[in-house]
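Only one structure is covered here, and it is reproduced in the block below.
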Amino acid sequence: NRLLIDFCRLLPLNSPYSGVHSTPLFNGFQIPLRLVRVVLSSSKIPFMNIFELEVRNKISRTTHIQMNDPDGLFQSKRARLLGLVGVAILAILALVSLGRSVQFAFLTPYGGIDFHSYWYSGLFVRQQTDPFAAYLSGKEPDSPVTFIGGQGAAPPRSGPLATTPANTTPIVLLLTPFSWLPWPVANAIWYIFNLMLVLILPWLAIRWLPPMKNLGIITTALFFLAFYALKGTRAALGTGQTTLVVLTLMLLSMLIWNRSWLVSGLFLGVALSKYSIALPLFLYALYKRKFKVVVVAVLVQLLSLFLLSTWTGSDPLSILQSNYQIMKRHSNMPGIYLAELFDPGSGLRLAAPVVLTVLFLAYLIWYSYRRPRPARSTSARSFFDRHLMAAPALWTLLVAYHRPYDGVLIIFFMAVVYFGFSEIGAWQLTPRQRGGLSLFVVFALAMLIVPYEQINDFLPVSFSETLLDFTAELVVLTLGGMLAVTLWLMGRVGTKG
């Protein structure tokens, strides 16, 4: 038994037990897997799931257990073939998604529609005018406006592009320098900058995860390409949304808050400008007791508020009131949040998010008493905590106003699933449960990737509108399913030391 225990502890934590259906050899001796199961079940080896050691009786030959698992999810030839097919399909969809974003950004009159709001607000800031009050009052910038390379007339508010400064002061101030550039130049530079963020975001998400022993090529390729192919990704690129910047700052804040609480707080403070996206990180920082980071983040918001107030001669309270009024104007707009499941004017549009929030908080409180965090101070505990970031991210997508471009926030869910599938045993799941989880993930991502807008180009107008309404509701239900699955998986992370 001592020999068997030492042998098992030499194995990497993510050894591909689920892909090996035969008896291993150790120093030339054949070891019965039934005995191995007994030893493992009585030992305290991290991430070992005894159900993954089931053996098919019809296979009797022996083999060596691989000591290096390049792709925990794709071990058999058939699985690798399916994985490569998935990579090929996602690569095509990612290219289509990128092409669609380029087309929208530069070949339609609505390209960069949301970024235009901050370029336009920058014109007011340069003229020492409160951009939030100017928007609410219908004011236009004074003409002529000086740009790099010459002067021009101030663009009117009545064009096809947005002029709503929906984010708070830090983002408005940081994007003001773009207003010195002519709009086509500013839009192109912003698109290229956002595209660079899109390319590195999956890598940052992997860095955010606990250390991984193996980065499977197929699994990693699927993760990257699935994010690139998301409708939220192409929508954020085409509209010039600030969501990609905010998401990048959120990940950077978490990556460095153990090394520099000051810089981490600065990143979080700017990210809070889009509070509907960054609120989960603010709550997660409180949970992780990163109080210095939280204080710095709040100070960033307050200092930028007083800076704009001093520069424009506006009352800070009036600026906050303007932010609130702009938020209210967005509360009943169409999107991918829970209220969209109910008719306009229905009381359920307000009641449903409140009920979901109460149930979500009640579950977390009940769970904290029923089953504490894993006792290990290793990757199990870190992995458990990642669920507590992914779940609130999905919750905020459901309860508050969000458009499709905010769907990139599911990267936290995708990262948790990526880790769980790559590190075999990270969750205590039976093979059947892993199979069901795989099918759900494929279905959920398909709902958030399929280019419905291009499919609609080939459909009658009447049927096209019906399909859009149906798919919007289906996306909301999919996000709800992701939240439920995340909470369930949180309970499957091992708690024994």
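Being at negative phi and open to solvent by 10 Å² or more (accessible area, probe 1.4 Å) holds for only one residue in L181, L230, L201, and it is L181. In the condition set (1) surrounded by fewer than 21 Cβ atoms within 10 Å (Cβ to Cβ); (2) of a type in the set (V, I, T); (3) at pLDDT 95 or above, I218 is compliant with all but (3). A search for C-beta distances below 8 Å between a residue of the stretch 198-218 that is assigned to a helix (DSSP H, G or I) and any residue that is open to solvent by 90 Å² or more (accessible area, probe 1.4 Å) and not basic (K, R), counting only pairs 6+ apart in sequence or on different chains, returns I206/L215; I218/L84. Every listed requirement among (1) crowded, with 18+ Cβ neighbours inside 10 Å; (2) assigned to a helix (DSSP H, G or I) is met by Q321 save one, (1).
Within the stretch 255-264, work out how many residues are surrounded by fewer than 24 Cβ atoms within 10 Å (Cβ to Cβ) and assigned to a helix (DSSP H, G or I). Total satisfying the criteria: 5. The criterion of at least 3 residues that are among the small types (G, A, S), open to solvent by 30 Å² or more (accessible area, probe 1.4 Å) and at pLDDT 90 or above is met, among helices (runs of 4 or more DSSP H) falling completely within the stretch 424-497, by 431-449. Cβ-Cβ contacts under 7 Å between residues 6 or more apart (or on different chains), taken from a first residue in the stretch 151-169 that is closer than 10 Å to S117 by Cα and surrounded by 15 or more Cβ atoms within 10 Å (Cβ to Cβ) to a second residue that is modelled with pLDDT under 90 and basic (K, R), are listed as T163/R157. The number of residues in the stretch 334-358 being surrounded by fewer than 12 Cβ atoms within 10 Å (Cβ to Cβ) and modelled with pLDDT under 85 comes to 4. Taken over the stretch 419-455, the residue count meeting the criterion of being touching a residue at least 60 places away in the same chain (Cβ under 8 Å) and among the basic types (K, R) is 1. In this structure, L302 does not qualify as more than 24 Å from A400 (Cβ to Cβ) and either part of a helix (DSSP H, G or I) or in contact with a strand residue (DSSP E or B) (Cβ under 8 Å, 6 or more places away or on another chain) (or both).
The values are calculated or read from the model by the stated rules, or taken from the named source; none is laboratory data. For clarity, every value in this text was computed on a predicted model and none was experimentally measured. With ideal geometry, Cβ positions are generated from the backbone for all residues, glycine too; neighbour counts draw on all protein chains shown. Each accessible area value is taken on the protein alone, full model and side chains, heavy atoms only, with ligands, DNA and RNA left out. Shrake-Rupley method; radii C 1.70, N 1.55, O 1.52, S 1.80 Å.
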